[in-house]
1. How much of the DSSP bridge set in the chain is antiparallel, in percent, rounded to the nearest 5?
2. Rounded to the nearest 5, what is the percent of antiparallel bridges among the DSSP beta bridges in segment 336-402?
3. For segment 127-213, report the convex hull volume of the alpha-carbon atoms normalised per residue, in Å³, without decimals.
4. Does segment 257-406 come out rounded, prolate or oblate, given a ≥ b ≥ c as the square roots of the eigenvalues of its C-alpha gyration tensor, rounded meaning a/c under 1.5 and, failing that, prolate meaning a/b above b/c?
5. Relative contact order, percent, of the chain when contacts are C-alpha pairs under 8 Å separated by at least 6 residues?
6. Cα-based Rg of segment 137-280 per 2.2 N^0.38 Å, rounded to two decimals?
7. Please list 191-200, 137-146 highest first by mean number of surrounding beta-carbon atoms within 10 Å per residue.
8. At 222 nm, what value in deg cm²/dmol follows for the chain if DSSP H runs of at least 4 each add -39500 (n - 2.57) and the sum is divided by all its residues, to the nearest 500?
Ligand SMILES: Nc1nc2c(c(=O)[nH]1)N[C@H]1C(S)=C(S)[C@@H](COP(=O)(O)OP(=O)(O)OC[C@H]3O[C@@H](n4cnc5c(N)ncnc54)[C@H](O)[C@@H]3O)O[C@H]1N2
Ligand code: MOO
């Protein structure tokens, strides 16, 4: 918030100095700031993107009955076989086969009782209602039969609680007999982009710049499990920020800009006015140190991201991602590590997050990583975590945070 602006409401300025939390601790606090949302039953077509609220246990054996795995003939005993009928997918099982009998059968059709194997269409020949093998040897018992319960038995655990509901999970749930699933819904996110200087289109002009975070954040927060409503761009005006925060019923509010101590940085004063409690007020990380997490009086979290675009990216990885995971009941991703392809200077006191391109186990640090720049991160696969202290030399193994945005 760089332009001079007047607020209609009397809000005091933010304090000049705050206690910055070490980066690992800030992430832990962020994880604890989101209470898992209540699960609810959803029809399958509305469950996508949620997280299983309870394990997925099979409601049936799968397959639910013995089926043919191939188009051909179901046979009993040894051949040649007399063809006594036909079995198509979706039909009741045909009458029991006796030794020396066969039925024509389609893939997925219920196997008649007594059938011992299936002969594929291309391996048999029919003359005068008699089936002969054209390709020996005789099928072994059970050949090309999918026996009932091959994939699972009724009651068997298919997936644990907390599994993200993907299209494949929907398919498995349907196959296993479910019409609806109990899911933790995607947390609803309200995104408030602050700054009089921000333009929605065209070239930067007259001291104004394009809003980079309005386009950047919604698809990313969606990838991270949020349900992001329309972005609201607000001017540098404490009253409209106050009203937006006070009116919002989102599970998580994310603001951008206005976190520092400039003349129109209203996030802190507005948080005080709504009675929010600051859980994280500054993080020892570069870029992004003025990022914050607050808890509204009713317990809902608000994350304040700094306005500098790369600082905001750092804030998403540090604070928003853990809060969203906690709200949405998603597990933490496995820690990933890579070796630096070049030395990266550390910050004396703060953790650094540096855009890197990954090539297998190697992380190449990228240029253009200033807090106001997006050029480096747009070419990056991840951000490398450089602990405080001296230089991380070439070959040092560091934690990398996947951007995972495609
Ligand atoms: N006296 C101090 N000044 C600053 C400090 C400090 O500790 N003391 N911290 C600096 C750091 S670090 C950062 S990061 C920024 C954070 O500032 P705010 O969160 O208050 O953000 P703004 O002042 O609103 O904006 C900063 C910068 O980013 C541009 N911006 C904002 N929003 C967007 C957007 N959506 N798209 C593109 N660019 C955006 C804005 O125009 C400013 O240039 O404060 C430092 N100052
Ligand atoms: O959040 Mo600031 O990056 O450290 O410019």
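1. Close to 65 percent.
2. Within segment 336-402, antiparallel bridges account for around 90 percent of the total.
3. On the way: hull volume 27.0 nm³, N = 87.
That works out to 311 Å³ per residue.
4. Because a/c hits 1.5 or more and a/b exceeds b/c, segment 257-406 counts as prolate.
5. Worked out over the chain, it gives 19 percent.
6. 1.72
7. Highest to lowest by the protection proxy: 191-200, 137-146.
8. -5000 deg cm²/dmol
Each value in this text was obtained by applying a stated rule to the coordinates, not by laboratory testing. Source: prediction; values computed, not measured. Methodologically, a virtual Cβ is constructed for each residue, glycine included, from the backbone with ideal geometry; neighbour enumeration extends over all protein chains shown.
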